[in-house]
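Here is the structure we will look at, set down as structure tokens.
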Amino acid sequence: MKTFLLTTAIAALSCIGVARATALPATCAHVVVASSQPHGAGSLAGHGYDLSLAGDAQRTFHAGDITATGTGLDPQALRDMEDVASLVLLATLTGHHSEGCAQDYFAAAATPIMEGLRAGHSYDLIWQDGQLTSGATKLSFRRAHLHLGGARSDDTPSTLTLDTQGVGITGTHNILLASALPQQATANASVPGSALVSLATAITGHPAHNIMVPLHVSSLNAQRGSMQVTGNGDANLTGNTDASSATGHIQVQNLDAVIDTLRNAGQTRASAALVLAKLFGHKAASGGTSWDVSWEGGVMTVNHIPLPIR
């Protein structure tokens, strides 16, 4: 998912190798960067990037290297883009947000990006050697690339692409997650340009009461060993999970590999659940198993069968 910026181009970056106070509100998050410097017009490279949520030292994000690029953005705006995109990524992948990130913060943050999108510009964030911490659980990745493509008007969809490589997890008691977590994944989506601010606030947990963001996922591809998951779908996102809705199609190749992994690890309940899911799935022409999935009114339906997941 998802790149949204704090702006105000107020001061130049500090000297290379000297950490600088973050432009994020202190009530939201704290960021320290070991070194950061411009790399030509519209590009900023940093090393030793560390972000932590305000009042929650157990939710952190570290990147060995971070690079931001974007047409028409000065170094300060690029640095702000790094901060806000990293904050949104942390909230997305850990499911936690800072109570101190006010809604108007994101509204002010989006100004330069929105202007650039209307001009057809694009923006990129690349994190190298990343690690997100949520309590004892640590989610790491070798590389993550977030791309936001330009839209010529607020009514024209902006494109979002998130590509992750070398993903791993430690410290989790969820054996199913540890066994099935994709090692690499790519998602391509689109969202109306006018909804980008609302999407950022919904992700970080501070949406307006009447928010509803339409999101179209044109393709999802995730792999772990010989297992491959593909899918597509549409969603209407709100700040309330029960008020959100989604429909989509998911297909898994070589689900048996995950079932065998869980069974060998002694996870009989989880492996039995996947065996049952396979039985209810449709046989795909490619040999995989597929499901039509929907979520509405707090109820998940798989192949038209409501599931009692509460």
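Return the only residue of 11, 45 being at pLDDT below 85 and either more than 20 Å from residue 130 (Cβ to Cβ) or under 25 Å from the mean Cα position of the chain (by Cα) (or both). Break it down into steps so the answer makes sense when it comes.
Working: 45 fails: at pLDDT below 85.
Result: 11 is the single residue among 11, 45 that is at pLDDT below 85 and either more than 20 Å from residue 130 (Cβ to Cβ) or under 25 Å from the mean Cα position of the chain (by Cα) (or both).
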Under the condition of being over 16 Å from residue 305 (Cα atoms) and not in a helix (DSSP H, G or I), which residue from segment 272-288 is most open to solvent (accessible area, probe 1.4 Å)? 283
Only one of 34, 54, 23, 77 is modelled with pLDDT under 85 and open to solvent by 30 Å² or more (accessible area, probe 1.4 Å); which? 23
Scanning segment 255-267 for residues that are crowded, with 16+ Cβ neighbours inside 10 Å and outside any helix (DSSP H, G or I) gives 267
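A quick yes/no check of all residues on (1) within 15 Å of residue 297 (Cβ to Cβ); (2) touching an Asp or Glu at 6+ places or on another chain (Cβ under 6 Å):
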{"residue": "229", "(1), (2)": "no, no"}
{"residue": "241", "(1), (2)": "yes, no"}
{"residue": "245", "(1), (2)": "yes, yes"}
{"residue": "251", "(1), (2)": "no, no"}
{"residue": "255", "(1), (2)": "no, no"}
{"residue": "258", "(1), (2)": "no, no"}
Tell me which residues, restricted to segment 233-249, are β-branched (Val, Ile, Thr), at pLDDT below 90 and open to solvent by 50 Å² or more (accessible area, probe 1.4 Å). 241
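Residue-by-condition table, conditions (1) open to solvent by 30 Å² or more (accessible area, probe 1.4 Å); (2) at pLDDT 75 or above:
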position: 135; (1), (2): no, yes
position: 140; (1), (2): yes, yes
position: 150; (1), (2): yes, yes
position: 169; (1), (2): yes, yes
position: 185; (1), (2): no, yes
position: 193; (1), (2): no, no
position: 209; (1), (2): yes, no
position: 216; (1), (2): yes, yes
position: 219; (1), (2): yes, yes
Name the residue, out of 262, 255, that is in contact (Cβ under 8 Å) with a residue 60 or more places away in the chain, farther than 23 Å from residue 212 by Cα and not basic (Lys, Arg). 262
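The values are calculated or read from the model by the stated rules, or taken from the named source; none is laboratory data. Just so it is clear, the structure is predicted and the values come from calculations on it, not from any experiment. Heads up, the Cβs are rebuilt from the backbone with ideal geometry, glycines too, and the neighbour counts pull from every protein chain shown. Calculation scope for accessible area: heavy atoms of the full protein, side chains included, ligands and nucleic acids excluded. Shrake-Rupley method; radii C 1.70, N 1.55, O 1.52, S 1.80 Å.
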